Amino acid sequence: MPGITWEQLRELAAFRAENGCAVSLYANLDPSEAPTAAAVEARVSSQLAEAERLAGERKASTSHAQREGLKADLDRIRRWFDDDFDRQGVRGVAVFAASLDNFWSTLALPSAVPDEVKIAIELYVVPLTLHVGRDAALVAAIGRERGQVFRLRGAGLVEIADDSQEVPGRHDQGGQSQGRYERHIENLVGQHLREVADTLDTRVRKLRGVAVALVGAEDIRSDFEELLSKDVKDCLAGWASAEAHAEGPQLLEAVRPLLDEWWRKREEALLERWREEAGKNGRAAAGWAQTLEAASDGRVELLLVQNGVDQTAYECPKCGRAQTTNGSCPLDGTTMVSRENGVDVAVHKTLAHGGTVHVLRDRQDLEPVGGVAALLRF
């Protein structure tokens, strides 16, 4: 099952309802939480009931057409779960609907998400930040003949390229002919390995922050690494061993420790870079006030968020500037509007200006600054 990509997340974050309201519904379908079809139905029904309650709260501030649009959206979500939803392999689901603005999107996720539902002008995308990027990994099975490249998608590997080639076997003719033949074979192997290295380079350039794990025998590793571009080497998580004809599940089992360690080191490096910049009052923001200001200015290169943190923010409905205090916009004097999910505000503004988001799933390093910080472009 495919995981969510940065491109998908940016498209969702860029949406803004012009005519009505947008519904964002998340349901946790982890088997431990919803083991049966009846349990799934009950969980979805509960989320839809909450959405109806939220729609009722907006009744006084919405037009008749907008109220009918919301009703149509909730009906469509219910029908989708009843008629079109396939639970196979799904542990979480996100549904976005805004019929008056002709918008509909569903995402089946390979990992659990918390049960949440929001009705707003923008889509609620914070739960997706836990998933995007974490499956940005390439796994290559390398051999004298084998050259398969897989991408990690949720809980499994999906083949995206196969440069495998059949190489003739050695013979025992002897003499100069034997030597020329063996050199020919080695040339074929070398060309094959170069093609695999080129494929990896192409794929790495298309993905940002991707880890690369290689699976292959000891006797081929040094030769293959010499062929790798600097971009690929910079992303290399390491080598693992597996049976010669191991398939996706076996390959993933072999490289999982490498990928986990790569992510741990990457997270530590990001935090260390932030500490260094913050310590010298450099290109870093610490805490809600500084981070929201930087995000509003389009200066955030990487938003760092501790999992589960949030607080109320205030946003200017005219220019979009966000801050932690209520009152008038410092730029145009417009009265600020309260936004209960300040982290969602920061995420939207970061993505809108080309930045990315990294969620600290388990670490508490940002606790002293309220759980949110950023590395800045300037």
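Every number here is computed from the coordinates shown, using simple stated rules; none is lab data. On a predicted model such as this, the values are computed, not experimentally measured, just so you know. Don't worry about glycine lacking a Cβ; one is built from the backbone with ideal geometry, like all the others, and counts go over all protein chains shown.
Between Thr312 and Ile185, the simple spin-label model (points 7 angstrom out along Cα→Cβ) gives 7.5 nm. A simple rule links phi to the HN-Hα coupling: the Karplus curve 6.51 cos²θ - 1.76 cosθ + 1.60 with θ = phi - 60°, which for the stretch 44-54 gives 5, 4, 5, 5, 5, 5, 5, 5, 5, 5, 5 Hz, with x for Gly and Pro.
Where in the stretch 346-378 is the amide nitrogen less than 20 Å from a point lying 7 Å along the Cα-to-Cβ axis of Arg16? So the set is 346-356. Within the shell of other residues whose beta carbon sits under 13 angstrom from the beta carbon of Gln250, the net charge comes to -2, with Lys and Arg scored +1 and Asp and Glu -1. Working from Cα pairs under 8 Å separated by at least six residues, relative contact order for the stretch 16-167 is 29 percent. Expressed to the nearest 5 percent, the antiparallel share of DSSP beta bridges inside the stretch 137-267 is 55 percent.
Defining a contact as two alpha carbons under 8 Å apart and six or more residues distant in sequence, what relative contact order in percent does the chain show?
15
Other residues lying with their Cβ under 11 Å from the Cβ of Asp332 contribute a combined charge of +2, Lys and Arg counting +1, Asp and Glu -1. Of Glu315, Glu253, Glu293, the residue with the greatest mean-square motion in the GNM of the chain, using alpha carbon springs below 10 Å, is Glu253. Placing a pseudo-label 7 Å from each Cα along the Cα-to-Cβ vector at Asp162 and Val337 gives an inter-label distance of 5.2 nm. Computed from point charges on the beta carbon alone (+1 for Lys and Arg, -1 for Asp and Glu), the dipole magnitude for the chain about its Cα centre is near 980 Debye. Residues whose amide H falls under 5 Å from that of Gly355, counting only those 5 or more places apart or on a different chain, are absent, with hydrogens built in the peptide plane.
Along the stretch 24-32 the Karplus relation, 6.51 cos²θ - 1.76 cosθ + 1.60 evaluated at θ = phi - 60°, assigns HN-Hα couplings of 10, 10, 10, 9, 7, 10, 4, x, 6 Hz to successive residues, with x for each Gly and Pro. Remark: relative contact order (the stretch 227-378) = 28 percent; criterion is Cα-Cα distance under 8 angstrom and separation of 6 or more residues.
The Cα center of the stretch 49-91 and the Cα center of the stretch 95-133 differ in position by 13 Å.
Could you work out [θ]222 nm for the chain from helices alone, using -39500 (n - 2.57) per DSSP H run of at least four and dividing by all its residues? Round to the nearest 500 deg cm²/dmol.
It lands at -13000 deg cm²/dmol.
For Leu360, the amide hydrogen comes within under 5 Å of the amide hydrogens of Val305, Gln306, Asn307, counting only partners 5 or more places away or on other chains and with H modelled in the peptide plane. Greater than 29 Å separation of Cα atoms is the criterion. Which listed pairs, Lys118/Lys206; Lys118/Lys318; Lys230/Lys265, meet it? Table pairs above 29 Å Cα-Cα are Lys118/Lys206. Anisotropy class assigned to the stretch 1-125 is oblate, per the alpha carbon gyration tensor with a/c at or over the 1.5 cut-off and a/b no larger than b/c. Coupling constants for the stretch 60-68 follow from the phi torsions by the Karplus curve (6.51 cos²θ - 1.76 cosθ + 1.60, θ = phi - 60°), and in residue order they are 5, 9, 10, 7, 4, 4, 5, 5, 5 Hz; glycine and proline get x. Among beta bridges identified by DSSP and lying wholly in the chain, the antiparallel ones come to about 75 percent.
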